[in-house]
Amino acid sequence: MAIFTMRSLVAGLQLLSLVAAAAIDLSPRSVATDLQGLVTTSSVDVAVRERWNEVDAPIPAVIVSATCEKDVKAVVKYCAKNKLPLVPQNGGNGWASFNLNGTAVILNLAAFNQVVVSADKKTAVIGGGAIISDVVTAADKAGVLIMTGNCNCVGALGAALGGGFGNLVGELGMAVDNIISLRVVTPTGQAIDVSRTSNPDLFWAMRGAGPNFGVVTYATVKAVPTADRTAWLTALTFDHTKIADVAQAIQELALLPNQVVFFILGNSGDANNTPTVLVTGFLRGGDEAAGRKAFESLYALGPQTNSSSVAPYTGWNVANDFFCARGERKPAFHTSLHNMKASDWPAVWDLYADFQKKPGAENSAILVEVYNYGKAKSVGRGATGVSDELRFNSFAQAVAIPWYRDAALDTQAFSFASQVRDIWASPDSGKTNTAYINFAHGDEDLTAIYGSSLPRLKTLKKKYDPKNVFGHWFSLA
């Protein structure tokens, strides 16, 4: 893959294959030259972000680093006219695979990283290239909370447009529920405002299936002013023989709106990279006494180790920063869970421990995120393009993440992670499982991704993007 800033787009490239039967035969050199003449010249040199997962990563012919809305409009128009596959890049953390085959233009939005909190502290404007740490830093400085995901390096709006789970979901709802308006460049290259009162059907669709409809340059979201922006955090490790008991305890937790629990199988970090069972707990505004009471049933199981602390807003996600390491191979397999089904977990442990001990696979992990869904459900059914099945039927979001360096392990990695997903999704586990688009592997049926929203989304896709300009992320075409 060749990577370019706007000043080096004209570098020599290999020939570009035909994009479609009706496409114009363009070489990367000609595409780069054309785009160089269309976009704004800027002294800002925005580095293109390496993708988080190397498996089936997009292999573009040209990468354009846009610096203003005019650039975005020009690139979209050009790609639509010439039938070139176009993929906007926010944080570069996609888990699902793309099928671009070296013919695409990636539109990098890293320069759109501004986050501005309003004077009354009730709203914030987030740029399409801002990552979650940008949002948290700006929010904390302004004395507000903003609903985001839990990994600092992930694109804030990329995560939000797919639904958006995070530490504040129990109090503020999903990230899509906190979006007030969007500035969108449509497939025709026009920039429009999208909200409940302006293009309301597109506003509904963008909140759940945004990448199918346009490029978001900015979003206005809700902000919540609050003096106490601390959280009590705990980390407990358990012997793997207690894994079923831990799963059952999590199942029986009556989570408070300000409480979150993560269940993780991961590397203990010792000299032998020994796998371990880890539970992390989050309680916004809590202290040691409140935290131990909220997670009392887990403490009662006798963890091998435990640690806790009160962290500032900017420290909530720090423990997840190791997940931000870019590169290497991480072909994640995911499904939502309707319950923990404790009896499944010894088999899941065996599959995990067997793969994790392979050379170079020591950082593989299994992650289960458990939230209080009360606020997310309060918006009602059909409120956004997010699957109602995901919003109303989920107990947790589970993902198996083989993490390794050698492509020779691909077959074994896929086998391990897909077997774990099959256990989670077995008929004994309850109703048909849905998938959270931001965690999805890429082989899921669209019904699993979009659920009951799918028919309306398909209709709106025909209305707003009949030529499928934006069709490389769980396409609705």
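Which of the residues that make up region 440-466 are in a loop (DSSP other than H, G, I, E, B) and at pLDDT 95 or above?
Asp465, Pro466
One residue is enough: does region 185-206 have a residue meeting the conditions crowded, with 21+ Cβ neighbours inside 10 Å, outside the structural domain of Val370 (by TED's automatic domain parsing) and farther than 30 Å from Asp120 by Cβ?
yes
What about Asp410, is it in contact with a helix residue (DSSP H, G or I) (Cβ under 9 Å, 6 or more places away or on another chain), more than 19 Å from Phe262 (Cα to Cα) and either of a type outside the set (Lys, Arg) or outside the structural domain of Met174 (by TED's automatic domain parsing) (or both)?
So Asp410 fails the test.
Going through region 89-131 one residue at a time, which ones are of a type in the set (A, V, I, L, M), at pLDDT 70 or above and out of contact with any Gly (no Cβ under 8 Å at 6 or more places or on another chain)?
Ala104, Val105, Ile106, Leu107, Val116, Val117, Ala119, Ala124, Val125, Ile126
Restrict the check to region 406-419 and report whether at least one residue is among the aromatic types (Phe, Trp, Tyr), at pLDDT 95 or above and closer than 15 Å to Phe165 by Cβ.
There is no residue in region 406-419 that is among the aromatic types (Phe, Trp, Tyr), at pLDDT 95 or above and closer than 15 Å to Phe165 by Cβ.
Go through region 145-230 and tell me which helices (runs of 4 or more DSSP H), entirely inside it, have 3 or more residues that are over 25 Å from Leu454 (Cβ atoms) and under 22 Å from the mean Cα position of the chain (by Cα).
Counting at least 3 such residues, we get 169-172.
The values are calculated or read from the model by the stated rules, or taken from the named source; none is laboratory data. On a predicted model such as this, the values are computed, not experimentally measured, just so you know. So basically every Cβ, Gly included, is an ideal-geometry build from the backbone, and we count neighbours across all protein chains shown.
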